[in-house]
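Here the structure comes first, spelled out in structure tokens, and everything after it is commentary.
No value in this document is a laboratory result; all are computed from the given coordinates. This one's a predicted model, so the numbers in the text were calculated from it and none came from an experiment. Don't worry about glycine lacking a Cβ; one is built from the backbone with ideal geometry, like all the others, and counts go over all protein chains shown.
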Amino acid sequence: MSYLAELVEGSGRHHGAELIAFYDRLETEHANVLAELERCQVEEPQSALQMAALLWPFWMDRGHIAEGRARLAIALERGPATASAIRASALYGAGTLAFRQAANAEAARLFEDSLGTARATHERGAEARALGGLARCALRDGRTKDAGRLAEESLRLQRELGDDRGAASALHVVAYTAYMEGPDERARQLFEESIALERRLGNIRATAGDLTNLGSVETRAGRLDRAAELCAEALCVALETKSAYLLPYCVANIGGVVAARGDHALGCRLLGAAEGMFERSGAAIDPGTAIEFDRHRAKVQAALGNAPFRRNWDEGRSLDSDRAIALAQESLPVA
């Protein structure tokens, strides 16, 4: 069976441990996957477009964001320009990877193209996803009111379609908008609702993401024991996924908890370690997390003084990902 056939067969069916195992295999056989994609780009451009549209979540999760963006750009350029569900999906994937690297203008253009394509082909699920992408771009631009409107519209469409997985993704964006806009109580309520839905659906990766987001909300609210519990669980779950994308967030938010508890040197090392992990993953920090990250960084710098701050920060940045994760586990012992 070709990789494309496996991707099509597994689309929408691989979840939890099954998805992790599938991504492990794609990682091991990545060179062969890319060889098939390159062959399709020459011989079957439509198949190449479909393959890239199905591969982008893997590329994001396992730290191949820059390569994924380049591959999707080629597939979109060479593939059929006719509006189709596949093209709408590829445009959305390209937009998501651009957003993850803070190429916000490009991401917004791709999401707008995806939205137009989805509406032209009456693909309401794709329309809802594109609206969610535009909400993310609005958040990175600081336009929280626009983000909230777009996210709520995305959620409404997904619920009308009865798509629980789509609704879970849209609800995450609604919760994240509340995380940036406040108040904390609304963000807490929405993240808890999102986590409950993601757990029911077996969406391990999304569960870890919102556990660490909720941990950040609780850190900001001063509920540090609860924050520590959530961040420790998030790290456990993220380690199961082997996600190069998620793990830096877990380390960063644990650094925030540690700093808020008053261990500024250790918090500083963890925050520096997270910065290094983000850089190696090729991803920019999401906008809400970036605000809290900068706040924690300023706090530890003021507490330590410039020279000790720089020493601890650089020590953290020098850690490879395995040692950074180990330091986070030692800082908040994981059951």
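The share of C-alpha pairs in segment 1-160 whose separation exceeds 23 Å stands at 37 percent.
Each part reduced to its alpha carbon centroid, segment 223-244 and segment 18-97 end up 30 Å apart. Considering the dipole of segment 148-258 built from charges on the beta carbon (Lys and Arg +1, Asp and Glu -1) around the Cα centre, which of Ala221, Gly202, Gln189 is farthest to its positive end? After comparing all options, I get Gly202. Which residue fluctuates most in the GNM of the chain (Cα springs below 10 Å): Leu54, Leu224, Leu161? Residue with maximal mean-square fluctuation among Leu54, Leu224, Leu161: Leu161. Anisotropy class assigned to segment 119-242 is oblate, per the alpha carbon gyration tensor with a/c at or over the 1.5 cut-off and a/b no larger than b/c. Taking the charge dipole of the chain about its Cα centre, with +1 at Lys and Arg Cβ atoms and -1 at Asp and Glu Cβ atoms, the residue from Gly262, Thr177, Ile325 reaching farthest to the positive side is Gly262. For segment 224-335, a simple Cβ point-charge model (Lys and Arg +1, Asp and Glu -1, everything else neutral) yields a dipole of about 320 debye relative to the Cα centre. Ordering Cys137, Leu7, Ser243 by the projection of their Cα atoms onto the charge dipole of the chain, which places +1 on the Cβ of Lys and Arg and -1 on the Cβ of Asp and Glu, puts Cys137 at the extreme positive end. Expressed per residue, the C-alpha convex hull volume of segment 224-335 stands at 86 Å³.
Comparing Ala35, Ala126, Ala260 in a Gaussian network model of the chain, where Cα atoms under 10 Å apart are tied by springs, the biggest mean-square fluctuation is seen for Ala35.
For the chain, with equal point scatterers placed on the C-alpha atoms only and solvent neglected, what are the log10 I(q)/I(0) values from the Debye formula at q = 0.10, 0.13 1/Å, to two decimals? At q = 0.10, 0.13 Å⁻¹ the computed log10 ratios are -0.58, -0.97.
Ranked for footprinting exposure by Cβ neighbours inside 10 Å, fewest first, Cys236, Cys137 give Cys236, Cys137. By the helix-only formula, in which each DSSP H run with n ≥ 4 contributes -39500 (n - 2.57) and the sum is divided by residues, the chain has a 222 nm mean residue ellipticity of -27500 deg cm²/dmol.
Taking Cα centre as origin and charging only the Cβ of basic (Lys, Arg, +1) and acidic (Asp, Glu, -1) residues, the dipole magnitude of segment 78-237 rounds to 400 debye. Between the helical axis of 124-140 and the dominant principal axis of the chain, each derived from Cα atoms, what acute angle in degrees is found, rounded to the nearest 10? So the helix axis and the longest Cα principal axis differ by about 40 degrees.
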